[in-house]
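The values are calculated or read from the model by the stated rules, or taken from the named source; none is laboratory data. Every value quoted in this text rests on a predicted model; they were computed, and no experiment measured them. Cβ placement follows ideal geometry from the backbone for every residue including glycine, while neighbour counts extend to all protein chains displayed. What goes into the accessible areas is simple: the full protein's heavy atoms, side chains included, and nothing from ligands, DNA or RNA. Shrake-Rupley method; radii C 1.70, N 1.55, O 1.52, S 1.80 Å.
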Amino acid sequence: CLHLRRKFGDDYQVVTTSSSGSLAAQGPGQGPQQQLVPKKKRQRFVDKNGRCNVQHGNLGSETSRYSDLFTTLVDLKWRWNLFIFILTYTVAWLFMASMWWVIAYSRGDLNKAHVGNYTPCVANVYNFPSAFLFFIETEATIGYGYRYITDKCPEGIILFLFQSILGSIVDAFLIGCMFIKMSQPKKRAETLMFSEHAVISMRDGKLTLMFRVGNLRNSHMVSAQIRCKLLKSRQTPEGEFLPLDQLELDVGFSTGADQLFLVSPLTICHVIDAKSPFYDLSQRSMQSEQFEIVVILEGIVETTGMTCQARTSYTEDEVLWGHRFFPVISLEEGFFKVDYSQFHATFEVPTPPYSVKEQEEMLLMSSPLIAPAITNSKERHNSVECLDGLDDISTKFPSKLQKITGREDFPKKLLRMSSTTSEKAYSLGDLPMKLQRISSVPGNSEEKLVSKTTKMLSDPMSQSVADLPPKLQKMAGGVARMEGNLPAKLRKMNSDRFT
């Protein structure tokens, strides 16, 4: 098995055939009958070289597809362009030479050309080769002076005008087509290189999808811009199936990072957040996902001024989780050196195997500081309901107790003070630590009273009445004496209310 892998490479899987004809994978040295079966390759929408694997069929009429003759000729391969170029000029020259020979033949110039006092339509045209040479001299504006048109031939003058117009049209069409074909920046796009793999790792504390681009030529790409598309089939909630649905991957459009200064290799980053299509992607789920990332790099060639576009794609098998690219730029004496031997190289780095969504959920469950910020509105609502409940309970007290609670208004004050202080504490939790320390310093006696009261309510078993201000001590003492005379049910309600 090891010998076969060395011979054919790792792209083949060693299997054995049983007597029933089924295939079974074998390890090294586990069977005499071994065969090599190639692994099933992933069907790509865009090849690594940028070619799109799309074929158009059932168009109805092929003429509508090739109605634009000039663009069709430009899109043809070079061998067909050269064949059409040579064939068009050959046919045009033979046709026009035949027209000149027909005029000479109809006038009898072929037989009377050597008569001294006879004036032919075209001087010195005796046969078809001489008529062909006359056409070439006229078309190419060579003009040797031996063959020329005389004024005794009006049909020759008309044919000469038609020849000039037709020749200009053919030259403009074919020469223009060849010029556009030669000036196309397809070869320039081949000098724009993409990394073989994309990687996912942490950068600046965020899970990021990264790949690398580079320019192999010294001439720059003006106004270089990069875009990324995610191709993934999905089904809508209405049941509609969308094959190869295209989703945009943000590679810095909002910040301008998609505008590249492509002098040295750059690492393009897509931050995976709640707006990213990879928000639910984890290391485990990526093994069962099927997607393709299409990268499009556009720019203007500095030397020709023509727009150039380079494309590539990454399938889910070409995205490495927990890897990072090797640095390729080093500082030499007087210049920066780019080592393209490490352009595709990656190395492993510690990366959490969870998706961003899972990380946020775990952080929400494990961090106690996030809960007050989320339940702030609920706490305010519960405080209001508690105050309303106290009003209902006070109406059920005896008349003597109603007078005491109505005069002192002790529970409502404490609850209002505690709710206000809790809201302040929650708002301070969102500030930086330095601002929290500044904001936690009490500025007046009222804030001191609020903080002390809140501390007493947050831990009533550990605080004593002696720590309270004199006014609250009297109020607390009166309430304590009052609670001693209450029934057990009311004492329980009071204890539940304050705790």
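Here is how the numbers come out for the structure above:
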{"quantity": "Simple label model, 7 Å out from Cα along Cβ direction - ILE86 to ASP151, nm", "calculated": "4.5"}
{"quantity": "Other-chain or far-sequence residues with amide H under 5 Å of LEU260's (modelled H)", "calculated": "ALA224, GLN225, ILE226"}
{"quantity": "Globularity index of region 78-183, i.e. its alpha-carbon radius of gyration over 2.2 N^0.38 Å", "calculated": "1.23"}
{"quantity": "Carbon/sulfur fraction of accessible area - region 78-183, other protein chains in place, 1.4 Å, %", "calculated": "72"}
{"quantity": "ARG79, ARG42, reordered so the largest accessible area comes first (probe 1.4 Å)", "calculated": "ARG79, ARG42"}
{"quantity": "Lysine pairs meeting the criterion (Cα under 24 Å, 8 or more apart or interchain), as found in region 187-362", "calculated": "10"}
{"quantity": "Rounded D (µm²/s) - region 155-305, Kirkwood Rh over Cα pairs, Stokes-Einstein at 20 °C, 1.002 mPa s", "calculated": "111"}
